[in-house]
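Asker: The structure under discussion is supplied below as structure tokens; questions concerning it will follow.
The values are calculated or read from the model by the stated rules, or taken from the named source; none is laboratory data. Note that this is a predicted model, so its numbers are computed, not measured. Cβ: placed from backbone, ideal geometry, glycine included. Neighbour counts: every protein chain shown.
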Amino acid sequence: MTASQNEFSLIERFFSNIGKSHFPVELSQGDDAAVVNVPVGKQLVMSVDTLISGVHFPELTSAADIAYKSLAVNLSDLAAMGAKPAWFLLSITLPKFDEVWLSEFSASLKKISRQYQIELIGGDTCRGPLSITIQVSGLVDHNNYVNRKGAQLGDLVLVTGELGNAALGLAHLQQRVALPTSLIKNCVEALNRPKPRLELTGFLTSYASAAIDLSDGLVGDLRHILNQSQKGATIRLDSLPVNDFIRSQQAYDYALTGGDDFELCFTMPSQHKYIIEDWNHKNPQCKLTHIGEITESDYELVGNHTTENLNNWQGYQHFE
């Protein structure tokens with residue numbers, strides 16, 4: 001078989017019939033490009049992420065976990081914008097043909113695609129160091145998306161879930177920290193299988209003034225909102241939703257700068273504060289925590305009888 005025939009065979013065997021969108025596709029896999037129709041009154045929201053072996057996931061990560069995380073981190077971007085998933089494209093680079101690995105990757109990709117009702121409509125495969133690039137498309141009602149520049153003075157700052165678990169999971173796998181046995185599974189799963197908070201999209205489009213997903217750590221990612229909105233913030237250390245290990249060890253750096261949480265951070269006018277308790281009662285799997293407020297300019301962390309200036313703190317940096 002020729003190289004191109006091999007590629008077509010690989011795509012047919014492992015990457016056809018993955019996921020099903022709420023939104024019909026005009027032309028899907030099998031042509032030079034896919035064609036979709038954007039429904040009247042909707043806008044298209046698009047995002048792309050690349051995950052590289054040894055950078056975004058440890059080299060011994062299972063194929064199933066790699067597939068799950070590759071799509072989940074992109075779905076998290078859609079969630080932060082208040083968008084409903086529709087379609088995705090996949091480009092995968094493989095060092096060699098490995099039928100077992102590809103079967104596990106494909107099965108996991110199919111499972112998460114069905115779970116979040118998003119459809120694979122095209123992509124590419126090639127030989128090289130292991131990396132996965134996924135471009136997702138979602139839909140929002142016209143001009144009803146959430147972005148990073150709407151935070152206003154006095155807004156509440158909220159986050160979903162727990163922070164720092166993924167960074168702890170990575171530190172455990174790299175033998176940099178000795179975790180209690182009771183935490184290992186949860187932290188490693190947080191690293192390998194982050195939960196895209198798509199159940200929150202309707203809440204965000206109704207109440208949020210700005211939002212972002214936490215890929216590179218709370219401090220650095222919240223700064224993107226503050227820079228875009230030209231505001232500051234005060235964050236309370238004792239309000240951060242962290243596990244008992246982080247709190248007892250005062251290891252808050254995992255939550256503040258660790259990265260890979262893929263929880264959502266968003267701001268909301270204070271008059272909507274009443275809705276938080278109601279949301280948490282109805283959605284215990286996606287708990288919201290009020291961690292601070294938007295201020296005029298300073299970016300500060302208050303706790304342990306001290307106030308720290310966060311302006312010079314950094315999240316994860318790819319080129320440093």
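Asker: Can you spot a residue in the stretch 129-147 that is surrounded by fewer than 22 Cβ atoms within 10 Å (Cβ to Cβ), in the same structural domain as ARG13 (by TED's automatic domain parsing) and over 23 Å from VAL48 (Cα atoms)?
Answerer: No, there is no match, as no residue in the stretch 129-147 is surrounded by fewer than 22 Cβ atoms within 10 Å (Cβ to Cβ), in the same structural domain as ARG13 (by TED's automatic domain parsing) and over 23 Å from VAL48 (Cα atoms).
Asker: Could you list, in sequence order, all residues of the stretch 1-57 that are at pLDDT 80 or above and over 29 Å from TYR145 (Cα atoms)?
Answerer: Across the stretch 1-57, the qualifying residues are PHE14, ASP32, ILE52, SER53, PHE57.
This table checks each residue for (1) under 15 Å from THR289 (Cα atoms); (2) in contact (Cβ under 8 Å) with a residue 60 or more places away in the chain.
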{"position": "LEU158", "(1), (2)": "yes, yes"}
{"position": "ALA166", "(1), (2)": "no, yes"}
{"position": "LEU198", "(1), (2)": "no, yes"}
{"position": "GLY220", "(1), (2)": "no, yes"}
{"position": "SER229", "(1), (2)": "no, yes"}
{"position": "GLY232", "(1), (2)": "no, yes"}
{"position": "ASN243", "(1), (2)": "yes, yes"}
{"position": "SER248", "(1), (2)": "no, no"}
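Asker: Here are LEU198, LEU222, LEU256, LEU204: which of them is outside the structural domain of ILE112 (by TED's automatic domain parsing), over 21 Å from GLN115 (Cβ atoms) and out of contact with any Cys (no Cβ under 7 Å at 6 or more places or on another chain)?
Answerer: Step by step, each of LEU198, LEU222, LEU256, LEU204 is checked, and only LEU256 is outside the structural domain of ILE112 (by TED's automatic domain parsing), over 21 Å from GLN115 (Cβ atoms) and out of contact with any Cys (no Cβ under 7 Å at 6 or more places or on another chain).
Asker: Right, something else. Those residues that are under 12 Å from LEU139 (Cα atoms), touching a residue at least 24 places away in the same chain (Cβ under 8 Å), surrounded by fewer than 19 Cβ atoms within 10 Å (Cβ to Cβ) and not polar (S, T, N, Q), I need them from the stretch 37-93; list them, please.
Answerer: Within the stretch 37-93, VAL38, PRO39, GLY41, LYS42, LEU44, MET46 qualify.
Asker: Which residues, taken from the stretch 245-284, are outside any helix (DSSP H, G or I), in contact with a strand residue (DSSP E or B) (Cβ under 9 Å, 6 or more places away or on another chain) and either surrounded by fewer than 15 Cβ atoms within 10 Å (Cβ to Cβ) or not charged (D, E, K, R) (or both)?
Answerer: Result: TYR252, PHE262, LEU264, CYS265, PHE266, THR267, MET268, PRO269, LYS273.
Asker: Residues that are assigned to a helix (DSSP H, G or I) and assigned by TED's automatic domain parsing to the domain that holds LEU218: does the stretch 106-127 have at least one?
Answerer: The answer is no, given that none of the residues of the stretch 106-127 is assigned to a helix (DSSP H, G or I) and assigned by TED's automatic domain parsing to the domain that holds LEU218.
Asker: Taking the stretch 21-36, which residues are farther than 22 Å from LEU198 by Cα and part of a loop (DSSP other than H, G, I, E, B)?
Answerer: SER28, GLN29, GLY30, ASP31, ASP32, ALA33, ALA34
Asker: Filter the stretch 215-242 down to the residues that are more than 13 Å from VAL157 (Cα to Cα) and within 16 Å of the chain's Cα centre (by Cα), then identify the one that is surrounded by the fewest Cβ atoms within 10 Å (Cβ to Cβ).
Answerer: Per the criteria, the residue is HIS224.
Asker: Further, regarding this structure: Taking the residues in the stretch 189-202 that are surrounded by fewer than 21 Cβ atoms within 10 Å (Cβ to Cβ) and of a type outside the set (Gly, Ala, Ser) as candidates, determine which candidate is farthest from TYR68 (Cα to Cα).
Answerer: Going through the qualifying residues, I end up with GLU199.
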